[in-house]
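Report on one structure; see the data block that follows.
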Amino acid sequence: MRRHLLEVVLVEDDEVEIEAVMRALQTLRIAHDLTVYRTGAGAIHSLRQQRQHLQSAYPFFMLLDLNMPDVPGLQLLKQIREDPLLCAALVFVLTNSDNEEDKFAAYKLHVAGYLIKSNLGPKYEYLTDLIRAYYQVVEFPLR
């Protein structure tokens, strides 16, 4: 089993939440690259540009806030699922919303999980456990 750099994409506009995720990822002890987008429009534009030169799509790990100021998270998720270069993303919604309609809509767009920020533990330790488990157990194609 060969492992490669874990690519983590965070789409979040709240600086406190960005810092919390960054601190949590530092405890992973897994080679990773974190890219933060503070707007949905910036995320979709940059991700599309980055992947235009690739022969095929490959999965990356995305943490997506639903409550973005420009492009709502569910709308961004729909755009990701419709894009052949982005559709393989493993998207986890990372939100404060416990709304059942949001959950249903997110799963309908094939999220890997719906995470409520307040359930992740004081230092987001459950988030790091989840990422570590994915990295150690799930097989991804090598680029």
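A few remarks follow.
- Difference of contour (0.36 nm per residue) and Cα-Cα distance, Cys87 to Gln75: 3.0 nm
- For the range 6-137, the alpha-carbon radius of gyration amounts to 0.99 times the rule-of-thumb value 2.2 N^0.38 Å expected for a compact globular protein.
- Förster-model FRET efficiency, 22 Å R0, Ile116 and Thr27, C-beta, rounded to 0.05: 0.60
- Candidates Asn119, Asn99, Asn67, ranked by Gaussian network fluctuation over the chain, Cα under 10 Å, top entry: Asn99
- The Cα center of the range 109-137 and the Cα center of the range 1-51 differ in position by 14 Å.
- Set of the range 74-110 residues, backbone N closer than 16 Å to the point 7 Å along the Cα-Cβ line of Asp14: 74, 93-99
Each reported figure results from applying straightforward, stated rules to the coordinates on display, with no laboratory input. All figures in this text were calculated on a predicted structure; none of them were measured in a lab. Glycine gets a Cβ as well: all are built from the backbone with ideal geometry, and neighbour counts include every protein chain shown.
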